[in-house]
1. Run the numbers on the range 279-354 and let me know its relative contact order in percent, using alpha-carbon pairs under 8 Å that are six or more apart.
2. Taking the Cα centre of the range 279-354 as the origin and placing charges on Cβ (Lys, Arg +1; Asp, Glu -1), which of 282, 329, 351 is farthest toward the positive end of the dipole?
3. Taking a 29 Å limit on the Cα-Cα distance, which of the listed pairs 29/159; 161/315; 161/232; 40/234; 40/272; 197/353 fall beyond it?
4. Relative to the Cα centre, what is the charge dipole magnitude of the range 186-345, using +1 at the beta carbon of each Lys and Arg, -1 at the beta carbon of each Asp and Glu, and rounding to the nearest 20 debye?
5. Whole-Hz ³J(HN,Hα) for each residue in the range 308-314, computed from phi via Karplus 6.51 cos²θ - 1.76 cosθ + 1.60 with θ = phi - 60°, x for glycine and proline: what do you get?
6. To the nearest 10 square angstrom, how much accessible area does residue 94 have with a 1.4 angstrom probe?
7. Just how large is the dipole of the range 28-86 about the Cα centre, in debye to the nearest 20, putting +1 at every Lys and Arg Cβ and -1 at every Asp and Glu Cβ?
8. Using θ = phi - 60° and the Karplus curve 6.51 cos²θ - 1.76 cosθ + 1.60, what whole-Hz ³J(HN,Hα) does each residue of the range 107-113 get, with Gly and Pro shown as x?
Amino acid sequence: MNDNIERVREVFTQKSTRVDTNKGDEFYKSLFEKSKARLKLLREQKPLRNIDMMEVIETEGVNRRDFMKWVSATTATLMLPPMFAPLVAEATELMNRVPVIWIELQDCAGNTEALLRSSAPTVDDLLFDVLSLEFHHALMACAGNDAEHQLDDAVEHFKGKYLLFVEGSIPTAMNGNYGTIGPSGETFQEHLARLSKDAAAIVAVGTCATFGGVPAASPNPTGAVGVMDLVKGKPIVNIPACPANPANMVGVILHYVLTGQVPELDSLLRPKFAFGYRIHDNCERRAHFDAGEFVEEWGDEGAKNNWCLYKVGCKGPMTFNNCSIIRYNDGANWPVGVGRGCIGCSEPDFWDKYAYERPMATARIKAPTGGVEKTVDEFGLGLLTATAVGIGVHAIASVVAGKKSNENEER
């Protein structure tokens with residue numbers, strides 16, 4: 001095999017991108033005590049909704065054993081040691097102490113739909129029944145002026161305490177007049193600024209709210225941007241994907257209830273517990289990639305045998321997300337599982353950069369020195385130029401460090 005092939009193998013078969021979860025015993029002991037104190041304080045507060053989590057679970061037919069299985073899995077998902085499981089269970093019962101305001105801007109409501117379309121209630125779904133959701137355009141009974149009054153009351157009453165969930169991008173062209181709301185004609189940008197001012201933290205849900213998403217695709221006539229492009233000086237958590245997985249939304253809320261702070265984030269403000277994985281590393285078709293077995297075109301023998309989809313456009317090697325682990329539709333499946341390659345929807349500029357059915361043969365994609373299988377924070381330190389090689393695999397031909405002085409060293 002020639003040098004290019006060897007380099008491809010080396011780059012794509014390095015150590016997994018799974019982030020290091022072991023921060024040491026002292027760290028977790030300290031966090032455990034802080035979490036206990038936090039939950040004690042919350043339990044002393046008056047519930048915002050008089051709903052008992054365990055009663056809801058039993059009513060919906062979820063037995064105690066299944067609930068504890070979910071607790072153990074969620075504890076691991078949040079990258080916490082098993083000793084935190086009792087605290088995670090307690091945190092689910094105290095979610096009705098944390099107010100949430102949810103607004104929709106320039107979007108298709110796909111993330112809201114993801115919450116509502118379960119075939120049967122899961123624990124994640126039931127937690128949203130317990131949660132004190134003070135405002136949500138699509139889910140509340142009132143509308144018009146009554147809805148706006150409820151929003152204003154919630155902001156005033158829970159000032160500095162509420163989590164602001166934002167779904168949808170924010171148009172900035174034409175002074176923001178591509179999107180207005182309410183009788184005053186407040187622009188989406190003004191609406192976001194007003195509500196984020198008194199929020200404890202902002203959670204951008206879905207790729208539109210995080211990175212601009214489809215509305216920001218070229219030529220981006222509305223000047224669509226994500227929350228982090230406009231809101232400064234506040235904790236922001238990005239939960240991209242199109243749509244975002246409800247399990248990741250719940251994870252962020254649970255972490256906040258448990259610790260009083262947002263989870264550890266990567267350089268794109270995504271929670272590491274959800275986006276510390278690369279799709280490629282946890283894909284059930286990874287073995288076929290390593291064996292050089294690829295679907296060449298839709299319907300061929302490779303497709304019938306579930307071979308790797310990289311050569312027909314799968315962007316799993318460039319995408320960080322846990323959807324190959326958590327999956328969608330009550331954990332039933334995910335895009336690659338049904339024979340459709342990943343389109344990198346949890347990455348910035350995904351529509352222009354990744355959403356097409358061809359490999360990254362000529363694209364300039366950021367990647368770390370030494371290959372794409374690095375941690376999330378290292379992803380973005382260099383430049384990747386993918387090219388066809390002898391075995392037909394379009395992969396890395398050169399990885400160049402981020403310094404401009406090295407940009408001409410591509411092979």
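1. Rounded, it is 30 percent for the range 279-354.
2. Of the candidates, 329 comes out farthest on the positive side.
3. 29/159; 161/315; 197/353
4. 360 debye
5. Once θ is set to phi - 60°, the couplings for the range 308-314 become 4, 9, 4, 6, 10, x, 5 Hz.
6. That residue has around 0 Å² of solvent-accessible surface.
7. 360 debye
8. Ordered by residue, 3J(HN,Hα) equals 7, 10, 6, x, 6, 5, 4 Hz.
The values are calculated or read from the model by the stated rules, or taken from the named source; none is laboratory data. What you are looking at is a predicted structure, and each value in this text was computed from that prediction instead of being measured. As a convention, Cβ positions derive from the backbone with ideal geometry for all residues, glycine included, and neighbour counts pool all protein chains shown. When the accessible area is computed, the model is the full protein with side chains, heavy atoms only, and any ligands, DNA or RNA have been set aside. Shrake-Rupley method; radii C 1.70, N 1.55, O 1.52, S 1.80 Å.
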